[in-house]
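A short worksheet on the structure shown next.
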Amino acid sequence: MRRTCRVSEFFSGESPAPRRVIELRGVWVERDGRTVLEDITFSVEEGTFLGIIGPNGAGKTTLLKVMLGLIRPQRGEVRVMGMAPGELRHELHHIGYMPQQVLFDPLFPVSVFDVVMMGRACCIGPLRPPSRRDREAVRESIRAVGLEGLEKRPIGELSGGQQRRAFLARALCLETRILLLDEPTAGLDVPAQEDFLALLGRLKKERELTVVFVSHDISVLARHADSIVCINRTMHLHGSPQEVLGSERLHEVYRCEFDFLAGKGAAR
Amino acid sequence: MLRYAFMQKALLGGISVALACSLLSFFVVTRRLAFMGMGISHAAFGGVGLGLAAGLDPTWAAGGFCVAVALGIGWLARRGRMHEDTTIGILFTSAMALGALVVSLSHHYNLDLMSYLFGSVLAMGWKDVAAAAILSLLACLFIGGFFKELLFVAFDEETAAASGLPVRFSYYGLLVTMALVVVVSIKLVGIILASALLVIPAATGLQLSRDYRLVLLMAALNGLASMVLGLWLSYAADVPPGATIVMVMFGFFLAALAISPRRPWMLRLLRRGG
C-alpha cells in the first residue's frame, strides 16, 4: 500500500545524522484570539524520550495536538515523520496517543481487551469485524504492558495504574513509532508512577519508539527523559535534564505558576 | 388478536421499531443522550403541527423536522458556545410551541393530535409499517456497520479523534438515526413516550452486565418482549398501547434492577421478603 510507504521510507535508508521524527519551527497557535503558543522551535530525534514541562495552562496539551495535526498552527512549520499535518491524516496509526486523564464512565461495559481493540478500529475500517491478526495484535499488546490474565476484566474494575497501562496498550497496538503521552502518570501514587515509567522505558528500547511525555512534574521527567523542553506559552529552555534543571530560568518559569496560584496572574 | 389487520400492522411495525430503538439505546445511554432523545421526540410535535397545517403527511413532516432539530441541537452544542442540555431545552420547547400555535391557527385541533401525542395502533397503515421497517433496518445497518467506531467514540472521544476516526460523523449519524427512529415509533407509542424506547432497554441491560455484547442482547430482548407483551396486554385489556408498552418495559427494568449483580443486597432482601 502506498500509504505505509511514506513512513517506512522515512525510517528506512541510511541517514548520516539521527532522524528527526518530529520537527517544529517557529510555531504560533492562537485560539479564541489569544496566543497559546508562541514561536516554538525544537525537534525530537528517533528513539529518544522528550519531556515537555511547564506550569498549568502553559500550552503543553495544545503542543501535543499540534503534533497530532488536530490543531493547525497559524504560523510556523510542523513535520512529523517528514510529513506535514495534512499528509499525516492517513498515517495516524503510527502515532500512539494517550490524552490527559481519560475521563471515561467507570460503568462503561467494555473489557480490557475491548478497550485495546479500539486502538485498531481506525485500521480495520468500518463495516468489517476484527480479524484474527487484529485479535493477536491486541493480545500481544496486552502482554507487553503486563496485563495478561486481565483481558476479560471490565475496564472500570482495574486500578488507576492498570487502567493507564491498558490505555498504553491501546496506543501501542498498531504499527506505533511515536508515543505522545499527556500527563500519563498524573493522579497515580509514587510506586505506580515508577512502574509506569519503567514499563515505558523498556517498551521504548524494545520497539525503538520515540516518546514525547508531557508533565508538570519535573522530578518524574528528570530521571527518565533524554531531553526536556520547558514551555510557558513560549519556549523557555531546551536541553538535557541536567541543563534544564540547573537553569535559573526554570525557577522564573515556575514562578509564574506560584504567582498564578496566589491570584496575581492573569486569569487562564 | 392476530386475526385483526390493525394488530398485525402494530406487531410488525412495533417489532422493527423496538429492535432499532433498543440497539440505539445502547449509545443513547452510554453517550448520555437521554435528554437528547426526549428533545428530538418532543420536537416531532412541531413537525406534526406544520404537516397538518400544510396538508402534508404529518409523519413525513415530523421526520424532516426532527432531523433538522437534531442537527440544529448538535451543531449548536458542538460549537461549544452552549451546553448540550441548554440547547435541547430551548429547541424542543420552541418546536412544541410552534406546533401548538400552527395547529390552533389552522383549526386542525382534533382527536388526531391526541393520537400523535400518545400513539394509536389504529392510526397505523401499511405505509407506516413499511416506513418503520425500512428506517429501522437502516438504523440497524448504521449501528452494525459502524459499531467499532461508535463504541470507541462513546468511550473516549478524544483518543478516537486523535486516531483519525470520524468523530463528528458518528455524532451526527447517531442524532439523525435517533430522529428517524423516533418518528416511526411515534405512531405506536406517541411523542411523549417515544423517548422511553431510547433509554430503558439499554439501561436494563446495563443493570445486568458489564459486557457490551450482553448489554445489547438484553436491551434487544427487553425492547422486543415489551413491545409484544405490551401490545397484547393493551389489546386484551383495551388500554392505550403506548402507555402499556412503556409500563411493561419499566417493569422489566425494575426486575433487572432487583436482580442486578451490582446490588446483591436487593436480591437478599427479595429472598428474605419472599
| query | Tell me, which helices (runs of 4 or more DSSP H) wholly within segment B:152-224 include 3 or more residues that are within 22 Å of residue A:108 (Cα to Cα) and at the interface with chain A (Cβ under 10 Å from one of its Cβ atoms)? | reply | B:157-162, B:200-208
| Do we have any residue at all in segment A:60-69 that's touching a residue at least 12 places away in the same chain (Cβ under 8 Å), away from chain B (no Cβ under 11 Å) and either surrounded by fewer than 18 Cβ atoms within 10 Å (Cβ to Cβ) or among the β-branched types (Val, Ile, Thr) (or both)? | yes
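Could you tell me which of the residues A:30, A:23, A:77, A:91 is within 16 Å of the chain's Cα centre (by Cα), modelled with pLDDT of 90 or more and either within 14 Å of another protein chain (Cβ to nearest Cβ) or surrounded by fewer than 19 Cβ atoms within 10 Å (Cβ to Cβ) (or both)?
Values: A:30 fails: within 16 Å of the chain's Cα centre (by Cα); A:77 fails: within 16 Å of the chain's Cα centre (by Cα); A:91 fails: modelled with pLDDT of 90 or more.
After ruling out the rest, the residue left standing is A:23.
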| message | Given the condition over 17 Å from residue B:148 (Cβ atoms) and surrounded by 18 or more Cβ atoms within 10 Å (Cβ to Cβ), answer yes or no: does some residue in segment A:134-142 qualify? | response | yes
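Scan segment A:33-48 residue by residue and report those that are in contact (Cβ under 8 Å) with a residue 40 or more places away in the chain and surrounded by fewer than 22 Cβ atoms within 10 Å (Cβ to Cβ).
Here is the first cut: in segment A:33-48, the ones in contact (Cβ under 8 Å) with a residue 40 or more places away in the chain are A:35-42, A:44-48.
Hits for segment A:33-48 are A:35, A:36, A:38, A:39, A:41, A:42, A:45, A:46, A:47, A:48.
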| Hey, any hits in segment B:2-9 for a residue that's touching a helix residue (DSSP H, G or I) at 6+ places or on another chain (Cβ under 8 Å), loosely packed, with under 15 Cβ neighbours inside 10 Å and without any contact (Cβ under 8 Å) to a residue 60 or more places away in the chain? | yes
| query | Does residue A:165 satisfy the criteria of being touching a residue at least 12 places away in the same chain (Cβ under 8 Å), away from chain B (no Cβ under 14 Å), under 20 Å from residue A:203 (Cα atoms) and within 15 Å of the chain's Cα centre (by Cα)? | reply | yes
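So in segment B:78-106, with the set limited to residues that are of a type in the set (Ser, Thr, Tyr) and assigned to a helix (DSSP H, G or I), which one is farthest from residue B:174 (Cα to Cα)?
Filtering segment B:78-106 down to residues of a type in the set (Ser, Thr, Tyr) leaves B:86-87, B:93-94, B:104, B:106.
From what's left, assigned to a helix (DSSP H, G or I): B:86-87, B:93-94, B:104.
Numbers: B:86: 19, B:87: 17, B:93: 21, B:94: 22, B:104: 33 Å.
Looking at the filtered set, the residue picked out is B:104.
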| message | Out of everything in segment B:145-181 that is touching a residue at least 60 places away in the same chain (Cβ under 8 Å) and not aliphatic (A, V, I, L, M), what residue ends up being surrounded by the fewest Cβ atoms within 10 Å (Cβ to Cβ)? | response | B:168
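The values are calculated or read from the model by the stated rules, or taken from the named source; none is laboratory data. All figures in this text were calculated on a predicted structure; none of them were measured in a lab. Positions of Cβ are backbone-derived with ideal geometry, glycine not excepted, and every protein chain shown enters the neighbour counts.
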